[in-house]
Structure formats: structure tokens, C-alpha cells
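As C-alpha cells, the structure follows; a few thoughts come after it.
All of the numbers you see were taken from the coordinates with simple rules; none came from a lab. Please read these numbers as outputs of a predicted model, since none were measured by experiment. Cβ coordinates were reconstructed from backbone atoms using ideal geometry, including for glycine residues, and neighbour counts include every protein chain displayed.
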Amino acid sequence: MTVDAVKYRFDGRCDICNDAVQFTSTQGWFRDYLLCSGCKSIPRERALMRVIKEHYPNYATLTIHESSPCGRGVSTKLADECPNYSYSHYFVGIPPGEFSLQHGARNENLEKLTFADHSLDLFITQDVMEHIFHPEAAFREIARVLRPGGAHIFTAPLVNKAKQTQRRAELSASGDVIHHFEPEFHGNPVDPEGSLVTMNWGYDIAAFIMEKAGTPSIIIQIDDISAGIRAEYIDVIASFKH
Ligand SMILES: [Zn+2]
């Protein structure tokens, strides 16, 4: 196997490492390839951290839950710095709220969380909300468990941009997957088969969340190469619980 040569190199400072680093890429597609020399994070992870820091500079003192952490970048930073950080994955067939010894993680279904109302300050998801069959239920549940003043801060590729959001796939009444487009899968840290993409989100995701969950959202686009934040589809969405 040959290793691709680095074609792009930028000196800068990483919001995740808090350190002077180099951002390098072997490819022009920075979204998956512009890596931090310190923490190996990718641009959307650094954008997410920037938004968390700017809106919740006291984040280390907050009660934070992350669904489906990726084992690097923001996930490990929050785990290291925040005593009240917890995380879960979704395992089909295991009762919600239970700890799976097999997987070494708590099981939570975003569409039916077991947390009490108003029990979390921040809810974090990274490229998860495009894989949910009932996103209206997931946004409603996340809003339910957030404390007033809290927020769901997340990334999801808004691939449709200004075009209307489309459902790529949904579940029939009997639980079969109905595909409206050619099935597309993204990498999943707990499933080698990957995760089916169910939603092509656009900027109307903010209106969708407001309608379904009642939480106003902002969509934040950051371009700051000095922090290694430059790529397509790295919008950060923050939905605030009032
Ligand atoms: Zn870094």
C-alpha cells in the first residue's frame, strides 16, 4: 500500500488540542482529510468545538451527553475535561438505558431516550441526525431532556443546502426499510456495515426542529483556515432550549 503524499499544509491553532499544530491533507476534499497533527481531528469536529466554546465557555462544568461518540476529537476532549460527560450508543435488541457489557457502553435510542426531563445541559451529536428514521421524535426527545438554557449542538451534513430536505429512507408499518433513493451508508464506529443515510438535510432543518421540537436553532458556518476549519458540509447547528 502506498501512502498518499501531503498536498496541503497549514500552520495554525486547533480548537480541540488548544495547541499550535499543522493541518495537513493528502486530498483536496478537506472534509475527511484535513487532519490536525495533534489530535487527528477533521474540520467539522473543530468547528463543533469552536461553537461549544463560544456559546458555552463553561462547558467543562456542564452535564453533557453525547450520542455515538467517535473516539477522538471533541468526544475524547469532552470526556477528558468534563466530569459530568456521559455517552451512549444505539444497539438494537438491548433495552434502552441499559449498559451493554458486550459493547462497553450505555444503550440509548435517540427516538426514545431514558433520561429524565430537564436533566442535561448539552446534548452533542456528530453526523448522527442524518441516520435517524424518525428525526422528529429524536429532536423532540433531545429537547425534552435538555434543561432550560441548554442546547443540542451538533453537526450533520446539510447536503441539500437551500433545497428542501428529502427523506432518503423510511420504515414501513411492519418495520421494513423503504428506500426513496439509492441506499447510501456512512462509517459507524459500532457497526462495520455502516449507517444508512435516511435524510438529505437542507438549511430548512432549523424550521423542521422548531416545528417538531419547539427549539429555535442557528446554523453556523465557519471558515477559518488558521484553525483548520475549512471544508464543505461542516455546518454546526445549535438548538436552544428556552
Ligand atoms: Zn487538534
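Values as computed for the structure displayed
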| quantity | calculated |
| --- | --- |
| Estimated 222 nm signal from helices in the chain, with DSSP H stretches of n ≥ 4 weighted -39500 (n - 2.57), rounded to 500 | -5500 deg cm²/dmol |
| Once the Cα gyration tensor of the stretch 42-240 is diagonalised, semi-axes √(5λ) in Å | 23, 21, 17 |
| Likely footprinting exposure, Lys212, Lys241, Lys7, fewest C-beta neighbours within 10 Å first | Lys7, Lys212, Lys241 |
| Distance from the stretch 85-132 to the stretch 48-82 (C-alpha centre basis), Å | 16 |
| Neighbour-count ranking [beta-carbon atoms within 10 angstrom, fewest first] of Arg147, Arg106, Arg46 | Arg147, Arg106, Arg46 |
| Which of Ser172, Ser88 has the fewest Cβ neighbours within 10 Å, and the rest in rising order | Ser172, Ser88 |
